[in-house]
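Working notes for the structure below.
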Amino acid sequence: MCINLVVVDDSDVDILIIEDAISDISYPINFKSFSHPEKFLNYIEGINPEIFQMEKFIIISDINMPKINGFEMLERIRANAHLALVPIIMFSSSSSHSDAFKSLSLGANAYLTKPLQIDAYQQLICATIEFWRHHHHS
Amino acid sequence: MEKKYKNIDFKKIEEMVEDDMVFRNQLLDAIQVAVEELRTAYIRGIEEESLPTIKQARHKIKPTLGLFDLEKLAVIIGNGKRLMLEKGFADGIETHKKEFLEATNDVLEEVKAYR
């Protein structure tokens with residue numbers, strides 16, 4: 001089954017590194033990225049809800065973004081019953097415990113700090129996708 | 001002798017792009033935009049004496065600084081953080097601003113020349 005990987009990050013550098021990381025994964029991944037959380041919310045809220053029962057989605061999101069930040073976005077997604085079980089991984093350069101705590105409190109499935117080495121960064125992305133590919137409830 | 005810091009490590013970019021010229025240009029474009037956005041937000045933060053604006057700008061550029069070894073800019077931003085926490089926006093801020101602008105310009109010039 002194809003994985004729908006959706007990345008929300010206002011840094012094009014991060015989006016390119018993630019896109020490059022998944023290019024070596026052997027199973028099919030439908031990759032979509034959004035630089036603006038509001039565009040992502042329009043996209044995800046506009047999808048036919050049945051698709052979340054039929055296909056696997058994984059959302060990886062930054063926190064520190066303009067206008068709507070990652071926390072507000074997370075609240076909006078979790079308030080939508082159709083998206084309640086979609087795995088959401090918050091991925092930030094912040095190692096602050098309060099950011100991690102807030103993310104998990106708002107319904108994120110995991111909180112990861114962005115590594116500062118390319119190999120480690122890409123390995124973490126691949127391991128995250130692999131993990132959630134097997135731990136998906138919808 | 002004062003240590004010489006790198007502006008950017010292009011070897012890391014080459015290792016990542018593996019001769020894919022389209023990807024290479026996309027990555028260089030993205031680094032350029034990231035540094036330009038940092039420069040705009042950081043200088044606005046200094047001019048408005050806003051620590052949250054500077055913190056946010058610093059936070060946003062952190063992965064790019066680390067992943068591609070923008071050493072000189074990282075050191076200057078680190079020095080600026082200490083300076084602002086200890087002395088606010090008074091002593092030394094103009095010197096820091098000048099060093100910061102020079103460092104961002106150096107990165108942007110190197111990226112431009114590398115293409």
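The values are calculated or read from the model by the stated rules, or taken from the named source; none is laboratory data. Remember, predicted model here, so these are calculated numbers, not experimental data. Positions of Cβ are generated from backbone atoms using ideal geometry, with glycine treated the same way; all protein chains shown enter the neighbour counts.
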**OP:** Count, please, the residues in the stretch A:95-129 that happen to be farther than 19 Å from A:I3 by Cα and assigned to a strand (DSSP E or B).
**Re:** 3
Original post:
If you take the residues of the stretch B:46-69 that are within 14 Å of chain A (Cβ to nearest Cβ) and small (G, A, S), which of them is farthest from A:L16 (Cα to Cα)?
Top reply: B:A57
Original post:
Quick one: how many residues across the stretch A:65-75 are crowded, with 17+ Cβ neighbours inside 10 Å and modelled with pLDDT under 95?
Top reply: 2
Subject >> Residue match in the stretch A:11-19 (condition: touching a strand residue (DSSP E or B) at 6+ places or on another chain (Cβ under 8 Å), more than 14 Å from every other protein chain (Cβ to nearest Cβ) and surrounded by 18 or more Cβ atoms within 10 Å (Cβ to Cβ)) >> reply: no
Subject >> Cross-chain or 6+ apart pairs with Cβ under 6 Å, the stretch A:80-102 first and away from chain B (no Cβ under 14 Å) and among the aliphatic types (A, V, I, L, M), then assigned to a loop (DSSP other than H, G, I, E, B) and surrounded by fewer than 17 Cβ atoms within 10 Å (Cβ to Cβ) >> reply: A:L85/A:H137; A:L85/A:S138
Original post:
What residue, of A:D62, A:D99, is over 20 Å from B:G66 (Cα atoms) and at pLDDT 95 or above?
Top reply: A:D99
**OP:** Evaluate the following for A:I51: is it over 25 Å from B:G66 (Cα atoms), more than 14 Å from chain B (Cβ to nearest Cβ) and hydrophobic (A, V, I, L, M, F, W, C)?
**Re:** yes
**OP:** Considering (1) at the interface with chain A (Cβ under 10 Å from one of its Cβ atoms); (2) surrounded by 17 or more Cβ atoms within 10 Å (Cβ to Cβ), say which one B:M84 fails and leave the rest.
**Re:** (1)
Original post:
Quick check: is even one residue across the stretch A:29-44 under 26 Å from B:E18 (Cβ atoms) and in contact (Cβ under 8 Å) with a residue 40 or more places away in the chain?
Top reply: yes
**OP:** Inspect all residues belonging to the stretch B:18-40 and state whether any of them is surrounded by fewer than 20 Cβ atoms within 10 Å (Cβ to Cβ), over 28 Å from A:Q123 (Cα atoms) and within 14 Å of chain A (Cβ to nearest Cβ).
**Re:** yes
**OP:** Could you please give the count of residues in the stretch A:79-121 that are over 23 Å from A:I15 (Cβ atoms) and of a type in the set (G, A, S)?
**Re:** 6
